[in-house]
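Below: one structure, written as structure tokens.
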Amino acid sequence: MLPVIAMPQIASLIAAVTRVATTVGPMIVKNASLLLEVASKSLPQIIKTIETVSAVINIIRPNETAEELGAKAMKADKKPEDFDEINAYIDYLREEVKVEKDELSEETVDVMARQAIGVSLMVKGVSEKIGAELTMPFLKTVSETRLDASVILEMIKLYSSNGLNMDDYDKYLGKALSIEQLDKHSEVLVEAYQKANPTMSTEQAEDIVMGLELPKDCL
């Protein structure tokens, strides 16, 4: 597992990602930098979550990793902007770009930069695949609360279709929203759990949703 990111490291990480802007393109650099800004100590769990979610909907194969994807993007001759779809670009990286492990620096900053770029690509791939934008703050919160990938996917779709701001999910968990907003979030979450688990009753889903909270070390 990667070490906790100290504040001075974040600037170094963002600088490392920015240096490869001409290789991977501005869109990916922007999102990777945003990830590093919001991730802090949650980065290892964020990586695990987005890899799982991406594998569930076949954006990546189960044995593929964010770091591998990022390394290929940094080596590739083409950028996401050269493709009509981000997932076509990810397929191109898988099929046509090869990276040997001995080519890669094991410095912490370089490893994290590759992972951040890979996560950014997967986030865009998930958003494209389900037709609703997955945001970095939301990804951070659902990673910290260890939600199942199937539930996360249903939440993204339902938050989008119900006009709710998914970045408010952490405020929902902290009871920092109005009663009306808390009720709306609860309704969406109950529906998400039932869609992800078709045999689950409304009462069972409500019990789970009522017990949702941020881990104490994230408060």
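Odds and ends about this structure:
- Residue satisfying condition, being more than 19 Å from the chain's Cα centre (by Cα) and not in a helix (DSSP H, G or I), within set D102, D77: D77
- Flag: E106 matches the condition of being within 23 Å of L69 (Cβ to Cβ) and surrounded by fewer than 16 Cβ atoms within 10 Å (Cβ to Cβ).
- Just one of the listed residues (L212, L177, L164, L158) is at pLDDT 95 or above, in contact with a Leu (Cβ under 9 Å, 6 or more places away or on another chain), not basic (K, R) and not in a helix (DSSP H, G or I), and it is L164.
- Residues in the stretch 184-214 that are in contact (Cβ under 8 Å) with a residue 40 or more places away in the chain and either farther than 17 Å from I152 by Cβ or of a type in the set (A, V, I, L, M) (or both): 4 in all.
- Taken over the stretch 118-167, the criterion of being in the same structural domain as R61 (by TED's automatic domain parsing), of a type in the set (A, V, I, L, M, F, W, C) and over 22 Å from Q194 (Cβ atoms) is satisfied by V119, L121, M122, V123.
- Residue ID - surrounded by the most Cβ atoms within 10 Å (Cβ to Cβ), chosen from residues in the stretch 137-155 that are at pLDDT below 95 and of a type in the set (S, T, N, Q): T141
The values are calculated or read from the model by the stated rules, or taken from the named source; none is laboratory data. Predicted, not measured: the structure shown is a model, and the values here were computed from it. Every residue, glycine among them, receives a Cβ derived from its backbone with ideal geometry; neighbour counts consider all protein chains shown.
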